[in-house]
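Report on the following structure.
Read the figures in this text as sums done on the coordinates, not as results from a lab. Nothing here was measured: the structure is a model prediction, and the numbers come from that model. Using ideal geometry, Cβ is built from the backbone for each residue, glycine included, and neighbour counts are taken over all protein chains shown.
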Ligand SMILES: Nc1ncnc2c1ncn2[C@@H]1O[C@H](COP(=O)(O)OP(=O)(O)O)[C@@H](O)[C@H]1O
Ligand SMILES: [Mg+2]
C-alpha cells in the first residue's frame, strides 16, 4: 500500500515537473480547453436556471384577464361577481389600474415619463387561478372569459411557459451534444499531446525500460499529465462560467428587482462543480491512457 | 545460477547470431565473453535479460526460463541485473546524480535511502564531486564509470557489461577493470563482453569464447 502510494506520488511529481518545465504551453492548453468547455457548461447553467423558472410558472398556470380601458367600476364588479360564481375558478385577484401603474413606476424607473402621461394607459386586470390546471381546462376557461362583456384581452400564462420549456429542452440537448463533442475533442487533444511527449521521450523510455521499469511506471507520469491538463481546463471553465453568472446577476439585479428572483442565475452547485472538474480530468486520463499504451507498444523490448 | 542449453538465435532477416551454445555460470564467478566483432557477444548478453529471445534452446537464470518469461515479469527480472550497455544509454538531459538514481526510482526506493545509495555508488566510481554535473561534460572514461555506478547502485546480484572499456585508453580501461574486480570480490557475479586483451591479462577471468556464433571454448564451468 505504501509502495503503491509512493509510486503514484512519484508519477504525479513527474507529471508536475513536466508541466513546470513548459508552464506557458501548459497554461495555454488549459485555457483553450477551459474556454471550449465553458460554452456547453454555460449554456447548461443558463438552461437549468430558466427551466427552474419556467417550471415555477407552469406549475401554477394563471389566466390574466384585462378589462377594457374605459370599463367602469360597476362593470368590473359585475365581472368579479361572475368570477366568484364560476366553479372552475379556485382564486382570483384584482390588480387595479392605479396599482399596476405604481408598480410599473417603481420597477421601471421611468417615473418622469409615466408622470408625464395624460392618463393611465394600463387597464384593470384580474389574475385568476383555475381549479383544474390541465391545459384543456385552462384553455376552455380562457375562451369562456374572453366572451364576457368589457373583457378586452385574456392571456394564458402557461402557453408561453410551455413553449419556453420546449425551447429550453432543445437548448439542453444542444448543450449535451456540444458537451459530448468537446469531451471527444478533449480526448483527441490529450491523445495528441501525449503522443508527442512519448515521441520526444522515446530514448528515455527505452533506457528505463531496459533497466527494469514496468509499463505502469512509464505510463503514470503521462496519465497524471493528461488528468491534470483536463483538471486545469475544467477549473478554467469553472472560473469563466462562475464569473459569467456573477456578472449576469449584477446586471439583471440592476435591471429589475421585481424579476430578480425569477431571473437570478444560480451559480454551479457543488455537485456540478465537482463534475466539471472531474469529468475533464477523467477524459484527460483516458486520452493519455489510449495514447501512451498505443505508443509504448511501438517501443518494444 | 545461469545456464544456456543449446541456445540458438537467428535474427529476423536470417542472420544466425548464436548457434547451439551451452554453458553454465555459478554465482560469484567472473566471466569474460570474448570473440571477434560480430561473434555474438552482445546477443548473448541480451538473451540473459530478455532484450532478445532465443530462437531455440533455453536460458535459465536463477531457475527462471528467461526466454519464455511473460511481458509483465520481464521488468522485475531485469532488476536483479546491473547493466552496462555498449552504447552507454545515459540520459543526457539530467544530472549525473539523477542518472544513477534511475534504477532506484524504478524499483520504488524511498527518497532518502536512495540519495544515500546514489552517493555511495558515485563515491565508489570516483564521481561524487560531479553529482550535479551533466553527463555530457564528463570525459569518456568518466561516462563509462557513470554507467558502472548506475549499474550497481541497486546492488544487483549479476553485473552484465558490454564492451565496458570500448573506446578507452589503457589506464582508464584498467580503472574499469579494477571496479569490476572489486564488485566481483564482494560477491557480484560479473559477465563482461570484451575483446580487450589487457583487461583479460589483468583480471585473469574465466573466458567463454565465441566464433561466428558458436562456442569455441570455455563452456565447461
Ligand atoms: N537486431 C539485429 N538484427 C539483425 N542482425 C543482428 C542484430 N543484432 C546483431 N545482429 C547480427 O548478429 C551478429 C552478432 O552480433 P552481436 O551479438 O552484436 O556481436 P558482437 O557483440 O560479438 O559484436 C552480427 O553479425 C550482427 O550483425
Ligand atoms: Mg557487441
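As a check on your grasp of the helix formula, calculate [θ] at 222 nm for chain B: sum -39500 (n - 2.57) over DSSP H runs of n ≥ 4, divide by the residue count, round to the nearest 500.
Details: 7 runs with 74 residues, N = 221.
That comes out to -10000 deg cm²/dmol.
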Subject >> Crossing angle, helix A:157-200 versus chain A [Cα axis fit, 0-90 degrees, rounded to tens] >> reply: 10 degrees
Subject >> Most to least packed among B:86-96, A:219-229 [average Cβ atoms within 10 Å] >> reply: A:219-229, B:86-96
Subject >> Share antiparallel - DSSP beta bridges, the protein assembly as shown, percent rounded to 5 >> reply: 65 percent
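Expressed in nm to one decimal, what extension gain is obtained for the pair residue B:98 and residue B:197 from 0.36 nm per residue of sequence separation less their Cα-Cα distance? Spell out each step's value before the answer.
Working: separation 99, 0.36 × 99 = 35.64 nm, distance 3.35 nm.
Length gained, residue B:98 through residue B:197: 32.3 nm.
Please compute the contact order of the stretch B:2-217 in relative form: average sequence separation of alpha-carbon pairs under 8 Å and at least six residues apart, divided by the residue count, as a percent. Show your work: numbers first, answer last.
Numbers: 397 pairs, mean separation 65.1, N = 216.
It comes to 30 percent, rounded to a whole number.
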**OP:** Taking the Cβ of each residue in B:41, A:106, B:211, B:124 as the centre, tally the other Cβ atoms inside 10 Å and list the residues starting with the fewest.
**Re:** A:106, B:211, B:124, B:41
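If each residue's Cβ is checked for other Cβ atoms within 10 Å, how do A:148, A:4, A:289 rank with the fewest at the top? List each step's numbers first, then the result.
On the way: A:148 16, A:4 9, A:289 19.
Fewest to most other Cβ atoms nearby, the residues stand as A:4, A:148, A:289.
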Original post:
Label residue A:203 and residue A:152 with points 7 Å out from Cα along Cα→Cβ: what is the distance between them in nm?
Top reply: 8.6 nm
Subject >> For B:47-58, mean number of other protein chain Cβ atoms within 10 Å >> reply: 1
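Determine one quarter of the surface area of the Cα convex hull of the stretch B:2-217, which equals its mean projected area, and express it in nm² to one decimal.
Averaging across all directions leaves 11.8 nm² for the Cα convex hull.
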Original post:
Quick one: length gained pulling residue A:16 to residue A:134 fully straight, 0.36 nm per residue minus the C-alpha distance?
Top reply: 36.6 nm
**OP:** Please report the orientation-averaged projected area of the protein assembly as shown, defined via the convex hull of its C-alpha atoms, in nm².
**Re:** 36.8 nm²
**OP:** Assign one of three labels to the stretch A:28-144, namely rounded, prolate or oblate, based on the Cα gyration tensor with a ≥ b ≥ c the square roots of its eigenvalues; rounded applies when a/c is under 1.5, prolate when it is not and a/b is larger than b/c, and oblate otherwise.
**Re:** oblate
**OP:** Please label the shape of the stretch B:20-74 as rounded, prolate or oblate, based on the square roots a ≥ b ≥ c of the eigenvalues of the alpha-carbon gyration tensor (a/c under 1.5 means rounded; beyond that, a/b larger than b/c means prolate, else oblate).
**Re:** oblate
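Sort A:201, A:2 so that the residue with the fewest other Cβ atoms within 10 Å of its own Cβ comes first and the one with the most comes last.
On the way: A:201 18, A:2 8.
Starting with the residue having the fewest Cβ neighbours, the order is A:2, A:201.
Residues of A:209-221, mean number of Cβ from any other protein chain within 10 Å of their own Cβ, rounded to a whole number? Numbers along the way, then the final one.
Details: counts 5, 8, 17, 16, 8, 9, 3, 2, 5, 2, 0, 0, 0.
Neighbouring Cβ atoms belonging to other protein chains average 6 per residue here.
Please work out how much length the chain gains when fully extended from residue A:144 to residue A:163, using 0.36 nm per residue of separation minus the C-alpha to C-alpha distance, in nm with one decimal. Write out the running numbers ahead of the final one.
Working: separation 19, 0.36 × 19 = 6.84 nm, distance 2.28 nm.
Contour length minus the Cα-Cα distance gives 4.6 nm.
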Original post:
Which percent, to the nearest 5, of DSSP beta bridges fully inside chain B are antiparallel?
Top reply: 50 percent
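Which value in deg cm²/dmol, rounded to the nearest 500, describes the helix-derived mean residue ellipticity at 222 nm for chain A, given -39,500 (n - 2.57) per DSSP H run of n ≥ 4 and division by the residue count? Write out the running numbers ahead of the final one.
Working: 10 runs with 222 residues, N = 301.
Taken over chain A, the calculation gives -26000 deg cm²/dmol.
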